[in-house]
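The values are calculated or read from the model by the stated rules, or taken from the named source; none is laboratory data. Values in this document were obtained by computation on a predicted structure and should not be read as measured data. Cβ placement follows ideal geometry from the backbone for every residue including glycine, while neighbour counts extend to all protein chains displayed. Protein only, heavy atoms only, side chains kept; ligands, DNA and RNA dropped before computing areas. Shrake-Rupley method; radii C 1.70, N 1.55, O 1.52, S 1.80 Å.
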Amino acid sequence: MNRNVLITGGSRGIGAAAVLAFAAAGYSVAFTWHRSADAAEAVRLRALEIAPQGTFLALRADAADPAQVATAAARAETELGGLQVLVCNAGIAQQKLFTDTTDEDWRRIMAVDLDGAFYACRAVLPAMIRRKYGRILLVSSMWGQTGGSCEVAYSAAKAGLIGLGKALAKEEGPSGITVNIVAPGVIATDMMAGFSADDRAALAEETPVGRLGTPEEIARTLVFLADESSGYITGQVIGQNGGLVI
């Protein structure tokens, strides 16, 4: 079986770590990016260093634009020779009081974090259904499980991913397609750029294992769930948060 994956939001953070982890596991990888061509190209070149014989495509697409997502998925399907795995990782976050959240704030977060996953799943599913095989992985958040103060829009979007994943797992299971959700805790990515060193230290102290998580740890979980041997795991929320949410 071919081992090809499409990862949305693959130029930084968890997405970039996932590109490299899948490359190391022998996959050919297509990934989308939106803002930084330089960052995307750097990730692509690092993947090639890891797996010189692999194929790695950096595809520009706004996760919130259904036409761009469909075009990227079609190109990945064609150039890689089919997609066995989809990782919906593209996302944005915002720390803001609910009463200060504007219509634009709300719609943009929903459009990228939740609608984007819908567009990507819709784009890849017909071919997966025809092949009777697929792995779909949605990157949610512990705030999608519990809710986060001053992150209401983000929490709502990430909770929506959990509902999407559970329902889709039931619908697509008979077609040989599994759907799982990974809900990271506090991960040391550039999304933490707005937090001070003291804030980071406090979050680490609050976490039972005593530290923040790494993008590479989340990426390894995604690779595990994507494997053919993980076919009896579906509709599950994997809380990878160092014990912060139990």
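In the range 20-27, the condition of being in contact (Cβ under 8 Å) with a residue 40 or more places away in the chain, open to solvent by less than 50 Å² (accessible area, probe 1.4 Å) and more than 17 Å from the chain's Cα centre (by Cα) is met by at least one residue. Considering 91, 81, the condition of being touching a residue at least 60 places away in the same chain (Cβ under 8 Å), closer than 19 Å to residue 121 by Cα and open to solvent by 20 Å² or more (accessible area, probe 1.4 Å) is satisfied by 81 alone. Taking helices (runs of 4 or more DSSP H) as the structural unit, those lying wholly within the range 121-217 and holding at least 3 residues that are in contact with a helix residue (DSSP H, G or I) (Cβ under 9 Å, 6 or more places away or on another chain) and under 17 Å from residue 110 (Cα atoms) correspond to 142-146, 152-172. As a summary of the residue check, residue 229 satisfies the conditions (1) under 23 Å from residue 6 (Cβ atoms); (2) in a loop (DSSP other than H, G, I, E, B) except for the one numbered (2).
With respect to residue 216, determine if the residue is open to solvent by 30 Å² or more (accessible area, probe 1.4 Å), under 17 Å from the mean Cα position of the chain (by Cα) and touching a residue at least 60 places away in the same chain (Cβ under 8 Å). Considered against the rule, which asks whether it is open to solvent by 30 Å² or more (accessible area, probe 1.4 Å), under 17 Å from the mean Cα position of the chain (by Cα) and touching a residue at least 60 places away in the same chain (Cβ under 8 Å), residue 216 comes out as yes. Being modelled with pLDDT of 95 or more, in contact with a Lys or Arg (Cβ under 8 Å, 6 or more places away or on another chain), surrounded by 23 or more Cβ atoms within 10 Å (Cβ to Cβ) and not small (Gly, Ala, Ser) is a description that applies to residue 86. Scanning the range 1-44 for residues that are of a type outside the set (D, E, K, R), in a helix (DSSP H, G or I) and farther than 25 Å from residue 213 by Cα returns a single hit, 37. Taking the conditions exactly as written (touching a Lys or Arg at 6+ places or on another chain (Cβ under 9 Å), at pLDDT 95 or above and outside any helix (DSSP H, G or I)), does residue 59 satisfy them or not? So residue 59 passes the test. Of (1) modelled with pLDDT under 95; (2) under 17 Å from residue 64 (Cβ atoms), residue 95 satisfies all except one. Which? Of (1) modelled with pLDDT under 95; (2) under 17 Å from residue 64 (Cβ atoms), only one is false for residue 95: (2).
Rundown of residues vs (1) within 19 Å of residue 96 (Cα to Cα); (2) hydroxyl-bearing (Ser, Thr, Tyr), yes/no style:
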| residue | (1), (2) |
| --- | --- |
| 136 | no, no |
| 144 | yes, no |
| 149 | yes, yes |
| 157 | yes, no |
| 164 | no, no |
| 175 | no, yes |
| 196 | yes, yes |
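Scanning the range 224-244 for residues that are open to solvent by less than 30 Å² (accessible area, probe 1.4 Å) and within 30 Å of residue 174 (Cα to Cα) yields 225, 226, 230, 235.
Can you tell me how many residues within the range 177-211 are under 22 Å from the mean Cα position of the chain (by Cα) and open to solvent by less than 30 Å² (accessible area, probe 1.4 Å)? Final tally of qualifying residues: 13.
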